[in-house]
Amino acid sequence: MNYLAYLIIPSCFLVFGAIAKRIIRASGWKWSDWFIGVEMVLAAMSTGIMHALDIGFKLVKMANSANSAIPPAFAKEFVSVILFIFATILLFFFVVIVHQKWEPVKETEMPFRKKTREEKWKLLWLAGVCNITGYSLFAAYIILIKGVS
């Protein structure tokens with residue numbers, strides 16, 4: 001049940017991000033309101049970096065204390081966070097390249113079913129694959145790195 005609560009939070013931010021884009025623009029809903037994969041990846045990356053800094057500060061304190069032995073689990077967590085950050089950097093560039101390739105999307109009020117095949121692919125990549133990439137990074141961080149106590 002705890003995992004569910006931690007996975008709902010990124011979902012809420014996904015929706016809040018789309019609502020914020022809609023409010024800022026002050027016009028009707030557009031598909032581009034839901035293209036928040038870049039923001040999600042950056043948020044996951046910043047979460048990982050903050051966690052790495054926290055672990056790094058703890059490692060420095062341990063090294064400066066009388067008992068300088070670093071627990072293996074602690075070192076393993078630090079390596080996991082560094083690998084996570086590396087993965088988020090690579091996936092950030094992936095999402096940016098997808099956005100560079102597929103944007104802009106023709107902003108019409110036409111329903112999805114009436115869009116051209118190319119426009120449907122654009123929407124799939126920008127609102128689907130990129131958002132899932134960002135959301136998956138949040139889920140991976142919560143489940144694999146941070147854990148739920």
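Summary of computed values
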| read-out | value |
| --- | --- |
| Close pairs (6 angstrom Cβ cut-off, 6 or more residues apart or separate chains): more than 11 Å from residue 98 (Cβ to Cβ) and touching a residue at least 24 places away in the same chain (Cβ under 8 Å) in the range 126-143, surrounded by fewer than 16 Cβ atoms within 10 Å (Cβ to Cβ) and not aromatic (Phe, Trp, Tyr) anywhere | 139/7 |
| Residues being within 25 Å of residue 87 (Cα to Cα), surrounded by 13 or more Cβ atoms within 10 Å (Cβ to Cβ) and modelled with pLDDT under 80 - total across the range 1-33 | 5 |
| In the range 95-113, residue surrounded by the most Cβ atoms within 10 Å (Cβ to Cβ) [restricted to those that are at pLDDT below 80 and of a type in the set (A, V, I, L, M, F, W, C)] | 105 |
| Unique residue being under 24 Å from residue 55 (Cβ atoms), at pLDDT below 85, under 22 Å from the mean Cα position of the chain (by Cα) and hydrophobic (A, V, I, L, M, F, W, C) when the list is 92, 138 | 138 |
| Yes/no for residue 65 being among the hydroxyl-bearing types (Ser, Thr, Tyr) and surrounded by 13 or more Cβ atoms within 10 Å (Cβ to Cβ) | no |
| Filter result (surrounded by 10 or more Cβ atoms within 10 Å (Cβ to Cβ) and part of a helix (DSSP H, G or I)) within the range 115-126 | 118, 119, 120, 121, 122, 123, 124, 125, 126 |
| The range 2-41, residues that are among the charged types (D, E, K, R) and touching a Phe, Trp or Tyr at 6+ places or on another chain (Cβ under 7 Å) | 22 |
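The values are calculated or read from the model by the stated rules, or taken from the named source; none is laboratory data. Note that this is a predicted model, so its numbers are computed, not measured. Every residue, glycine as well, gets a Cβ built from its backbone with ideal geometry; the counts of neighbours run over all protein chains shown.
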